[in-house]
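A short write-up of the structure that comes next.
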Amino acid sequence: MRQKPKPSVALPTAEASRLWNLYGFESSSDLVLEDLAMALGVVVLDDDLKSADAWLVRKGDNGIIRVSNTIAEAGRRRFAVAHELGHWSLHKSVTQMMSCTSADMLARYKASPPEMEANTFAAELLMPRHLFQPAMRQSRPTSQFVNELANQFGTTRTSTAYRIADVTEDYFALVMSKDGVIKWWQASEALKDLMWIEAGEAVPRYSVAAQFFNGEELPKKPEKIDLDDWISENKGLEAEYFYEDVIPMPSYGQVLSLLWLE
Ligand SMILES: [Zn+2]
């Protein structure tokens, strides 16, 4: 029987690290994506793309990345370019033409292996573990902290929170909800086998996310929420509550909940 192909984490991570070393980048301000792309033989253009966030067209050793000119946030544009550079570096033998949607770039939980690999590459390129991890150890994963890291690394708040889940050794999860319904979630290594949250269900009634959808004034600091309110299955967590802080995204009808244990 054929096995479903599994995305690699090691390869895209190693490739992004190789580029940091090769070009001697020391901080995020050294990483100018257009310059890096040019050095790799790729031109980046902003264009009218309709349904995709970005394209990559490959012709031998040269490529063109087209990024949708409707992307408003600088961090999202940077992630899109980094994602296409991931395809450029990793998927030469897969296809000569990639067309990638915003779902391909956000949803690491359900995307196809090449998309997940391009996202792993983009996360490591934009938020290298050796810089990200020390910054992260200093603080609780609050919305303010995610904002600070997003500014420091020039990334979106969603990809920054996702990166915290990637690299933290603590109990941390993020949950994206839209129009009152849980869309997806991601937990840190320490937490992921100990609980389950059911995507597709309504956000818990007593969560801070629910306060956002009800149009209530949001708390100024993290709130304690009963663990059982947030998770649909407890696989051995002994804590009684999560701390929840949220990042409201009203223009998308979305809210990102940051959940952690102390
Ligand atoms: Zn892609």
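The values are calculated or read from the model by the stated rules, or taken from the named source; none is laboratory data. This is a predicted model, so every value here is computed, not measured. Every residue, glycine among them, receives a Cβ derived from its backbone with ideal geometry; neighbour counts consider all protein chains shown. When the accessible area is computed, the model is the full protein with side chains, heavy atoms only, and any ligands, DNA or RNA have been set aside. Shrake-Rupley method; radii C 1.70, N 1.55, O 1.52, S 1.80 Å.
Which value in deg cm²/dmol, rounded to the nearest 500, describes the helix-derived mean residue ellipticity at 222 nm for the chain, given -39,500 (n - 2.57) per DSSP H run of n ≥ 4 and division by the residue count?
Theoretical 222 nm ellipticity from helices: -11000 deg cm²/dmol.
Just to confirm, what accessible area per residue do you get for the range 137-262 at 1.4 Å probe, in whole Å²?
51 Å²
Rounding to the nearest 20 debye, state how big the charge dipole of the chain is about its Cα centre with +1 on each Lys and Arg Cβ and -1 on each Asp and Glu Cβ.
For this selection, approximately 800 debye.
Probe radius 1.4 Å, ligands and nucleic acids ignored: give me the carbon and sulfur share of the accessible area of the chain as a rounded percent.
Roughly 50 percent of what the probe reaches on the chain is carbon or sulfur.
Please report the base-10 log of the normalised intensity I(q)/I(0) for the chain, using a Debye sum with one equal scatterer per alpha carbon and no solvent, at each q in 0.14, 0.16 (1/Å).
Result of the Debye calculation: -0.98, -1.22.
Kirkwood hydrodynamic radius, the range 123-199, all distinct C-alpha pairs: what's the number in Å?
Hydrodynamic radius (Kirkwood, Cα only) of the range 123-199 equals 12.9 Å.
May I ask you to give the solvent-accessible area per residue for the range 10-126, in square angstrom, as obtained with a 1.4 angstrom probe?
Using a 1.4 Å probe on heavy atoms only, each residue of the range 10-126 averages 46 Å².
Out of all DSSP beta bridges with both ends in the chain, state the antiparallel percent to the nearest 5.
Bridges in the chain that DSSP calls antiparallel: roughly 85 percent.
How much length is gained on full extension from ASP30 to ALA199, taking 0.36 nm per residue of separation minus their Cα-Cα distance?
57.0 nm is the gain from fully extending ASP30 to ALA199.
I need the phi-derived Karplus couplings for the range 166-183: 6.51 cos²θ - 1.76 cosθ + 1.60, θ = phi - 60°, integer Hz, Gly and Pro marked x.
Here the 3J(HN,Hα) series is 4, 10, 6, 9, 8, 7, 8, 9, 10, 10, 9, 10, 9, 6, x, 10, 5, 8 Hz.
For a quick check of your reading of the filter: which trypsin sites (Lys or Arg not before Pro) in the range 30-63 sit in a DSSP loop and have no more than 16 other Cβ atoms within 10 Å?
Taking the range 30-63 and a limit of 16 other Cβ atoms within 10 Å, the loop trypsin sites (Lys or Arg not before Pro) found are LYS50.
Under a crude label model (7 Å from the Cα following the beta-carbon direction), how far is TYR206 from SER251 in nanometres?
3.5 nm
Exposed loop chymotrypsin sites (Phe, Trp or Tyr not before Pro) only (DSSP loop, at most 16 other Cβ atoms within 10 Å): please give the longest stretch of the chain free of them, not including the sites.
Answer - 1-108.
Under 5 Å between amide hydrogens, which residues at least 5 positions from TYR241 or on another chain qualify, with H placed 1.01 Å from N in the peptide plane?
For TYR241, the qualifying residues are LEU227.
For MET249, list long-range residues whose amide hydrogen, built 1.01 Å from N in the peptide plane, is under 5 Å from its own amide hydrogen.
Amide H neighbours of MET249: GLN254, VAL255, LEU256.
Mind computing the radius of gyration and Dmax over the alpha-carbon atoms of the range 10-126? Å is fine for both.
Gyration radius and largest Cα-Cα distance of the range 10-126: 12.9, 36 Å.
Loop only per DSSP, at most 11 neighbouring Cβ atoms within 10 Å: give me the trypsin sites (Lys or Arg not before Pro) in the range 203-261, ordered by residue number.
Hits after loop and neighbour filter: ARG205, LYS220, LYS235.
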